[in-house]
Each structure stands twice: as structure tokens, then as C-alpha cells.
1. Can you tell me which residues in region 228-241 are in contact with a helix residue (DSSP H, G or I) (Cβ under 8 Å, 6 or more places away or on another chain), surrounded by fewer than 24 Cβ atoms within 10 Å (Cβ to Cβ) and farther than 15 Å from Glu135 by Cα?
2. Can you tell me which residue within region 245-258, out of those that are touching a strand residue (DSSP E or B) at 6+ places or on another chain (Cβ under 7 Å) and either buried (at least 23 other Cβ atoms within 10 Å of the Cβ) or assigned to a loop (DSSP other than H, G, I, E, B) (or both), is modelled with the lowest pLDDT?
3. Regarding region 62-82, can at least one residue be identified that is surrounded by fewer than 14 Cβ atoms within 10 Å (Cβ to Cβ), in contact with a strand residue (DSSP E or B) (Cβ under 7 Å, 6 or more places away or on another chain) and over 22 Å from Val278 (Cβ atoms)?
4. Could you please find all residues in region 25-72 being of a type in the set (A, V, I, L, M, F, W, C), part of a helix (DSSP H, G or I) and either more than 13 Å from Ala271 (Cα to Cα) or assigned by TED's automatic domain parsing to the domain that holds Val278 (or both)?
5. Step by step: first the residues of region 259-287, then only those that are assigned to a helix (DSSP H, G or I) and touching a Cys at 6+ places or on another chain (Cβ under 8 Å), then the one that is farthest from Ser32 (Cα to Cα). Which residue is that?
6. Is one or more of the residues making up region 119-142 more than 24 Å from Ala228 (Cβ to Cβ) and assigned by TED's automatic domain parsing to the domain that holds Phe31?
7. In region 128-153, what residues are part of a helix (DSSP H, G or I) and in contact with a helix residue (DSSP H, G or I) (Cβ under 8 Å, 6 or more places away or on another chain)?
8. What do you reckon, is Tyr83 among the aromatic types (Phe, Trp, Tyr), assigned by TED's automatic domain parsing to the domain that holds Val119 and under 18 Å from Arg140 (Cβ atoms)?
Amino acid sequence: MQQFRIVTDGSCDLPAEWCKEHHIAVIPLYFSLASAAPRPFPGNISGLGDFYTLLRSGTTVHTSAPSIEDCKDILRSLLTGGYDLLYTGLSSQLSGMFNVMRLAAGELEAEFPGKHVRVLDSFNGSHGLGILLRELTAARESGKDLETVLELGEQLRCRISSRFIVGDLMFLKRGGRISGSAAVFGTMLQIMPMLHATADGRIESYSKVRGRKTALRTLADEIGSEAASGTAVWIGHCNAAEDAAFVRDILRRKYGIREVGILEIGPVLGAHAGPDTVAGFCIRQDENA
């Protein structure tokens with residue numbers, strides 16, 4: 001059986017130790033604070049708490065994808081080692097990274113005749129992407145071949161639920177998700193939009209509630225109601241550990257979900273969501289089962 005490796009990017013927010021243990025290659029994405037030079041993530045960073053403190057103080061952050069040549073260099077080193085490749089990373093609706101990798105894949109397949117570089121749009125990011133990567137990795141480690149794992153990814157990506165709330169509506173305003181007036185009046189009236197990743201990987205607001213505690217409870221109830229039995233639920237947060245634990249405790253107490261992990265959201269997506277964002281991620285129940 002032809003060996004293959006799974007490749008992702010820095011938006012996955014998976015622990016570096018887990019990626020190393022499971023031989024996942026992670027292509028860094030970049031962020032820059034104010035006018036400073038771009039920094040890679042994953043990479044050396046003093047701490048995400050420090051990063052979100054800077055965001056709270058009004059420091060601007062810009063994010064960017066690596067060049068196609070940088071991506072090809074990383075993929076080329078794996079192809080030279082004898083591996084076929086499967087890449088899945090940040091949703092094509094949220095970044096140009098998918099198109100960069102699609103172009104890189106075509107050029108490298110021409111450079112390495114007989115080798116395969118498959119590119120899968122995850123329709124997700126952060127720990128939604130992380131869930132997909134965990135499932136694909138488990139399938140690969142059980143002996144499934146490249147095309148079988150790719151097909152699994154195409155089916156599973158549509159069942160991953162990614163829901164979140166933000167702490168500062170101005171971050172949604174900067175990203176064009178809501179208008180300036182909606183951000184101002186929403187803040188004044190404590191109106192909290194509930195957001196999710198759509199079936200094709202866009203971010204949309206689908207309802208509104210009043211008050212942060214209500215929003216956190218709503219997030220827990222929606223994730224708890226749709227999570228497939230026996231699967232893990234992940235809570236992501238942007239420097240909001242206590243609120244993440246609040247959601248976790250509801251999931252355990254009310255819905256009996258014992259496997260609930262809490263992980264931070266990195267600077268690539270955190271720069272756009274902002275401090276105090278809390279998100280829930282799960283595999284939805286299969287309606288066809």
C-alpha cells in the first residue's frame with residue numbers, strides 16, 4: 001500500500017505534540033502585530049494570553065498565507081521522502097490558503113510523476129478543522145488508503161458543527177460580519193449574535209440572544225443537542241477559559257457528554273474573532289443513520 005502523509009496549516013489549533021506524534025505536517029500561517037514583521041503560527045510566541053491582551057488594548061493584527069513557493073518547499077520535502085499527500089486546512093471561504101495549495105499540488109504532481117497530492121476543502125477552521133484532522137488521522141492509522149481517507153473527509157466535513165459567540169462586536173464589524181451601527185447598538189443592548197460555519201465554510205450569524213450568559217447557555221444547548229453519540233466535543237476560546245469551562249459543565253451535566261476538551265484558539269483566527277470568543281465544535285448526528 002502506498003504511504004501517505006496528512007498536511008494541514010496553522011489554523012487547525014491542534015497541540016504541536018499531537019501533530020508530531022501522529023506525523024501531521026503543519027504549514028505555518030502568518031500574523032503581524034501593528035507594523036511588526038509577520039510571525040509564523042505555529043511558531044515561537046510568548047503566549048496567547050499576551051496576544052489577546054494586545055488585542056484588547058487596540059493593537060491591530062493582520063493575517064496572511066505563505067507564498068506558493070514556501071508551500072511547495074514543505075510539500076516537496078515530503079514527496080521526496082516517498083509519500084503521497086493529503087492536505088486539508090482553513091476553509092476556502094475564509095482564506096486564500098486553499099487556492100495556494102491547490103495550485104501547488106498541481107505543479108508538484110507534474111514535478112513528481114506518479115505521486116499524488118490531494119487537496120480537500122475542510123469548510124472549517126480551528127477546532128472544527130481539528131476534529132476533521134483527528135478523524136482522517138485515525139482512518140489513516142487504521143490502514144485506510146489515500147483515496148478512501150479523502151472520501152471520508154468529503155463526507156465528514158459536512159457533519160462538523162462549528163458555533164461561536166464573540167466578546168467584542170467591533171471585531172465582527174471589522175470583518176464585515178455586521179454593520180457599525182449594529183455593533184454599537186448591540187454592545188449597548190447586550191445583544192449577542194450566534195454565529196456558525198455554514199455548509200460551504202462561510203461564517204454567518206443565524207440568531208441573536210440577549211446577554212453573554214444566555215449566549216453561552218445557548219451555545220452549550222445547541223452543541224449538546226446535535227453532537228453525535230460517543231463522539232468528543234471541543235470547546236475553543238480566545239483567552240476566556242472560565243466561560244469555556246461554563247459551557248463544558250453544561251454539556252456534561254445536562255447532556256451527559258463526558259468527553260469534552262477545552263483548547264485555545266490561536267492568533268490566526270483569534271485575530272478576527274477577538275478576545276473572549278467561545279466556540280463549540282462537534283460531529284453532528286448522522287440523519288441518514
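The values are calculated or read from the model by the stated rules, or taken from the named source; none is laboratory data. Computed from a predicted structure; not experimentally measured. For neighbour counting, all protein chains shown are included, and Cβ atoms are generated from backbone atoms with ideal geometry for every residue, glycine included.
1. Asn239 - this is the single residue of region 228-241 that is in contact with a helix residue (DSSP H, G or I) (Cβ under 8 Å, 6 or more places away or on another chain), surrounded by fewer than 24 Cβ atoms within 10 Å (Cβ to Cβ) and farther than 15 Å from Glu135 by Cα.
2. Result: Ile257.
3. Yes.
4. Here is the first cut: in region 25-72, the residues of a type in the set (A, V, I, L, M, F, W, C) are 25-27, 29, 31, 33-34, 36-37, 41, 45, 48, 51, 54-55, 61, 65, 68, 71.
In the following step, the residues that additionally are part of a helix (DSSP H, G or I) were identified as 48, 51, 54-55, 68, 71.
The answer is Ile68, Cys71.
5. Of the residues in region 259-287, the ones assigned to a helix (DSSP H, G or I) are 267-273.
Checking which are touching a Cys at 6+ places or on another chain (Cβ under 8 Å) leaves us with 270, 273.
Working: Gly270: 13, Ala273: 16 Å.
The selected residue is Ala273.
6. First, pick out the residues of region 119-142 that are more than 24 Å from Ala228 (Cβ to Cβ): 119.
Applying the additional criterion that residues be assigned by TED's automatic domain parsing to the domain that holds Phe31 yields 119.
Looking through region 119-142, at least one residue is more than 24 Å from Ala228 (Cβ to Cβ) and assigned by TED's automatic domain parsing to the domain that holds Phe31.
7. Restricting attention to region 128-153, the residues satisfying the condition of being part of a helix (DSSP H, G or I) are 128-141, 146-153.
Across region 128-153, the qualifying residues are Leu129, Gly130, Leu132, Leu133, Glu135, Leu136, Ala139, Arg140, Thr148, Val149, Leu152, Gly153.
8. Numbers: among the aromatic types (Phe, Trp, Tyr): yes; assigned by TED's automatic domain parsing to the domain that holds Val119: yes; under 18 Å from Arg140 (Cβ atoms): yes.
It is true that Tyr83 is among the aromatic types (Phe, Trp, Tyr), assigned by TED's automatic domain parsing to the domain that holds Val119 and under 18 Å from Arg140 (Cβ atoms).
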